[in-house]
Amino acid sequence: MPATMSAPTTGPTRLRLDFDPARDGFSFGNHFVWTDDDLAILSAALKPWAAGVLGVVGTAGGAIRGRRTAGVGAAVGLALALGGGGERVVRAMAKRWPSFGLCGGMALSAAERWPPEGRLPTSELRRDLVRPLLRRRQEATIRASIGTFARTWAEVRFLPGRMPEGPFAGRLARELDAVEASLADGRPAVLGLIGDAPDPFALHQVVAFGIERRGPLDATLDIYDPNEPGRSHTITTAPGASRGTTALTTSMKTGPRPGGGAHVSTRAGHLSHVFVVKAA
């Protein structure tokens, strides 16, 4: 189904799909408690990608001349956990984080199930029955994006001068082009969100179903966030104050968590970068 498109000779280009988070997103939030199946399946399925992530983390460590931080330890923990570095490692992770998210699985499943012509709307699917699907699609998004997540997060966290603005102008323009192309083809785009949160587990995935493009780096995206059922959100992108940088803000809940830590970013309502997750 093509997007509704408005492209005047002057002014912004607008593309928007008839994707309604209240109907086409899940009615439950992105909060799950570990089961033995989750631990066994995810750790086994993602084992082949552990070495690549560890390599990215090692590169980041070299770039900061050996400085040791909690973030480096968290990144190594991420690689071991996602790579299935032994049953004891995975179960230790589960004990540290008794609940977890399947945002990638929820975002990809919602995008793939749209439009709901001739089948049950996504909002009517039951959490317990759809969980195996979410787990499989989560695996697909991690396989497709783990390298980009790890590399870009490491740049944001560890390379000097990278915050508060992201140094990703060229990359962001290409990602906005990819969002436009996906929507013009009638397909919602799954986005990976990257910020400077100390814990790489705190990064996130969402669905983009609309864009207003005012320039190469100047855009507003319409977003379904699996963390907030039934609501629409926006991400706004713009050139940063310095050459080659970008400034990203969002209506989604990012920033410090009440109980400690941060979701995506250490600053409320901010992001460092977004990219299209091309999962098969």
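Since every read-out is calculated from the coordinates, none of them should be taken as a lab result. These numbers were taken from a predicted model, which means no experiment stands behind them. All Cβ positions, even for glycine, are placed from backbone atoms using ideal geometry, and neighbour counts span all protein chains on display.
Mind ranking 269-275, 131-137 by how tightly packed they are, going by the mean number of other C-beta atoms within 10 angstrom, highest first?
On the way: 269-275: 23.1, 131-137: 18.1.
Packing order, densest peptide first, comes out as 269-275, 131-137.
Using θ = phi - 60° in the Karplus curve 6.51 cos²θ - 1.76 cosθ + 1.60, the 3J(HN,Hα) couplings for region 13-29 round to 9, 10, 10, 8, 8, 7, 9, 10, x, 6, 10, 9, x, 7, 7, 10, x Hz; x is entered for Gly and Pro.
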